[in-house]
Each structure stands twice: as C-alpha cells, then as structure tokens.
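Reading through the structure tokens given below for one structure.
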Amino acid sequence: PDVLAYAWGSAQLTGLSRACAKPTLLPFSVEKQVKHICCAEDATLALTMDGQVFHWGRCWLRHEPASDAPRCLPELRDISAISCSPSGYYHNRRRSIGYCCAAVTRTGGLYTWGPNFSGALLHEERLVSRPTLVPSLRGGWAAAERVTHAACGLDFLAIALRASRRAPSEIDGATLDGVANGGQGEALAGRSGAGACANGVSRVLSCGSFVFEPPHALKEWEELRDLSLRSLVAGSFHCCALSTRGELYTFGDTRGRDISNGNLLGHGDPEEGAAAVNWAEGPPEPALPRPPRRLQSAAMGPVTEVSCTTYATLALSVDGRAFSWGDSDGNALGHASRECHTPTLVPMPAGTRVAHGDLSYTNAAVATDDGRCFVWGGNSWDGGIAQGRNASGPTEIKWSGVPDCYQCSSVALSHQHGYLIFHKKP
C-alpha cells in the first residue's frame, strides 16, 4: 500500500480495540489509505486519500455515544483538510460538552460541527450535531473566495481564504437562501467586518473567543494578508500561521485560562514592562488577543512544521531540530527551561533529524523520516502517553519499524493515544 498508519496507546482509542504500548499497524489505514489524522479529546478524525472522513472514540458532543470502530461521516465528501480542538488540560475541562471540528473541501467549502457557544462555528445553533456546510455569505466572505485552511481552537476558529477565478456556482457554500430573500446574506457578511480580497490575494480570519474576551465576529488579521500559507494550526488559546518560506506568525492569548508559566506566543515574557494590577480596584478587563506577529529566532531559523496543544507549541526547523515553548509543567517542553517564553531547543540524541511531531497535554512525540519515535513529558497533571519513563527529556520508543521503502509523513497525538503515518517513497 502507498500509505500505512501505526497506532499506539489505550484500548478503545487507537482504532485497534486493544491497548498497544508500541506503534502497531492500523488495518483501517490499509483498507482506506489514510492521508491525515488529527486527535481530539479521547477521539480521532481520519481523512482518507479519496476525501472521506472517519471518526472513532468520544463524540464531539459528550452526551452522544462513543464509537470504538472507525465510522464514516456521510455528510463529508471530497475533503482536503480536517481540524479539531486540540486535546489538553484547562480549567473545567471535565465539564466540557465536547470539541469543535472543521473540514475543508477541495473546492473551498467549509463544514463545521460541535459545541458552538462562542459562535465560532459560524452557525446559529449552539450545538451543531452533524457536519454542516457554512454558506460563504453567512460566514462573511465573498462567493468567489475559497477556504484553504481551517484551525479549531477551544472556542475560536481560524480560516484562510484565497480568491478564486472560478464561477461562484463552482464553489461549495457560495450561495445562501437569504440572498434571494431580501439580501440577508449580504447583511450578515457586512456585520462581520471582513471584506473580500482581490484575485490571487489570501487572508486569514478568526471568530469566537481566544480566552476570556467577548466572542468576536469573523474578522481579518491584516498582518497575514497575502501570506503564502503552508499551514494554520490552533492551540486552545492561540494560533500559528506558517508560511511556505518557513516564517512563523503567532497570535491570540499569551497565557490561557490557567496562566501558563511560559508565553504561548513565544515572543518573550508578556509581563515584562506591563503595569502592575491593582486588585483593590477590582479584576482587570480581559486582555484582547494579540495580533499576528512574526516569531524571530535566529537559533531556530526557518520552520517546516508547527503543532500546538493547550499550553505549549512545537516547531521543527529545516535542519531537523525541535524547538518548544509555553508551559513547562510535567516536562512538557522536553528541555530544562522552567519559564519558557521563547523557542528553545529540545535536546535530541546526537545525529537525530526530526521530521514530524505533535503535542497533547504535557506529552509530546516526534519522529524521524525512517520512523524512529521519541516521546517526552507526561510527568504532571493527568500524565498521558509519555508517562512512566523516569526521564524528563526525550526517550525513544523501541519498535519494529517499517520497511525501508516508507518514510514518515506525520505524527498525531492525543492524551492517551497517538499515530505515525508513513507514505511510500517515490
């Protein structure tokens, strides 16, 4: 087969119906040719090469039954990208009603589903029980624009748009019944404050709430206009935009609900130079999300991949090194920095060239092209897939590996389970 996926972790979460301490071939990946996997809280979404989406584990709405085996989401066809709220610790997590999901079609349409209390899913319902198409005019973008990327935070959604030269009728979600009914669709678009972009121009927008601030309607971040995007990735309270040239921009909240001991955005100590809070006058107003700003790090250089969890970010450089920043609890960052406000090198064994990685809770996993897998963290909060190693830094998971004709293409990680995906070499 051209694609193989290997799973490890707790039973009922891996899609194998049994616990696996080491990466184990996922038969489903052979049957369906998995292109990409993303992990939510005790759940998995898998995108196949033919554009189908499968789900297993806990449902996106907690009161709905879980699924032990992969089940196809019939509403989704011809999908090119998927996203879900990252799994990770935050205050009142156990009371959460579920997690948000998004899927982008190959023609630029956007589907969203899950809890929608902040309005981030661009639907009127507070609980979106099934994948539902977002009409472009309700979303607030022009009919000739197509969605290229989507990233789900805890209570916010970020999307990237690019102008399309095709007719509006060729783009999913380009029409809205309200347009023929007194122009309601245009009114909705106008209230968003997001204007259309000219041909060939791209833009990044967000809606919802990054942490404590009131939810915002869909708005454009002008700092990212016409940035050629490689990926758009969300943590629970912040977001990362990675360009095709390896430039990394971060925006959103610096601390999160539980006050991270490191800056989530990686731009240095956010309290440095800030005025002291006079609590006798009452609590301060919720901080507004920080706008996108390029992360400058001479040590890190251009970035090839970025991933986020609730309170930490992992970036991989073009020369195969791993850098992390954010909250260090439980050795989540893989290095010794206690208060980590900027990208800091993760010490890997000599000669190791990291190709892909992911984070979840205080756990992290990275892999080399040939499938060597290293994990770190898991030593705090609720532990996780990396716990019990008696080590604070990266340690290798010894397993049988894959044939030489395959190379690792991605890593996906949740609290108690993870995946390695391999593609056959050209």
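Just to verify a result, which residue in region 211-237, among those that are closer than 20 Å to T342 by Cβ and open to solvent by 10 Å² or more (accessible area, probe 1.4 Å), is nearest to the chain's Cα centre (by Cα)? Selected residue: V233. Each residue in region 127-140 was checked for being modelled with pLDDT under 95 and open to solvent by 10 Å² or more (accessible area, probe 1.4 Å), and 3 of them qualify. Selection within region 238-263: residues that are at pLDDT 95 or above and hydrophobic (A, V, I, L, M, F, W, C). The member of this set that is surrounded by the fewest Cβ atoms within 10 Å (Cβ to Cβ) is F251. Of the conditions (1) open to solvent by less than 10 Å² (accessible area, probe 1.4 Å); (2) touching a residue at least 40 places away in the same chain (Cβ under 8 Å), S67 fails just one. Which one is it? The failed condition is (2).
Can you say whether R293 is of a type outside the set (S, T, N, Q), open to solvent by 10 Å² or more (accessible area, probe 1.4 Å) and within 28 Å of K219 (Cα to Cα), as far as the supplied structure shows? It is true that R293 is of a type outside the set (S, T, N, Q), open to solvent by 10 Å² or more (accessible area, probe 1.4 Å) and within 28 Å of K219 (Cα to Cα). Of everything listed in (1) closer than 23 Å to H415 by Cα; (2) touching a Cys at 6+ places or on another chain (Cβ under 9 Å), the single unmet condition for G119 is (1). When residues in region 49-72 are screened for being modelled with pLDDT of 95 or more and touching a Cys at 6+ places or on another chain (Cβ under 9 Å), 5 of them pass. Considering region 98-108, the residues that are modelled with pLDDT of 95 or more and surrounded by fewer than 22 Cβ atoms within 10 Å (Cβ to Cβ) include one that is farthest from S164 (Cα to Cα), namely T105.
Could you please let me know if T14 is in a loop (DSSP other than H, G, I, E, B), closer than 22 Å to C308 by Cα, open to solvent by less than 40 Å² (accessible area, probe 1.4 Å) and touching a residue at least 24 places away in the same chain (Cβ under 8 Å)?
On the way: in a loop (DSSP other than H, G, I, E, B): yes; closer than 22 Å to C308 by Cα: yes; open to solvent by less than 40 Å² (accessible area, probe 1.4 Å): yes; touching a residue at least 24 places away in the same chain (Cβ under 8 Å): yes.
Here the answer is yes, as T14 does meet what is asked.
Look at region 251-267: where a residue is under 15 Å from F156 (Cβ atoms) and a partner is aromatic (F, W, Y) and surrounded by fewer than 21 Cβ atoms within 10 Å (Cβ to Cβ), sitting 6+ places away or on another chain with Cβ atoms under 8 Å, you get F251/W221; G256/Y90; R257/Y90; R257/F212. What number of residues within region 387-426 are in contact with a Phe, Trp or Tyr (Cβ under 6 Å, 6 or more places away or on another chain) and among the hydrophobic types (A, V, I, L, M, F, W, C)? Adding up the residues that qualify gives 5.
Taken together, S85, S29 contain a single residue that is surrounded by 15 or more Cβ atoms within 10 Å (Cβ to Cβ) and either touching a Cys at 6+ places or on another chain (Cβ under 8 Å) or modelled with pLDDT of 95 or more (or both), which is S85.
The values are calculated or read from the model by the stated rules, or taken from the named source; none is laboratory data. Everything quoted here is computed from the prediction, not taken from an experiment. Cβ coordinates were reconstructed from backbone atoms using ideal geometry, including for glycine residues, and neighbour counts include every protein chain displayed. Each accessible area value is taken on the protein alone, full model and side chains, heavy atoms only, with ligands, DNA and RNA left out. Shrake-Rupley method; radii C 1.70, N 1.55, O 1.52, S 1.80 Å.
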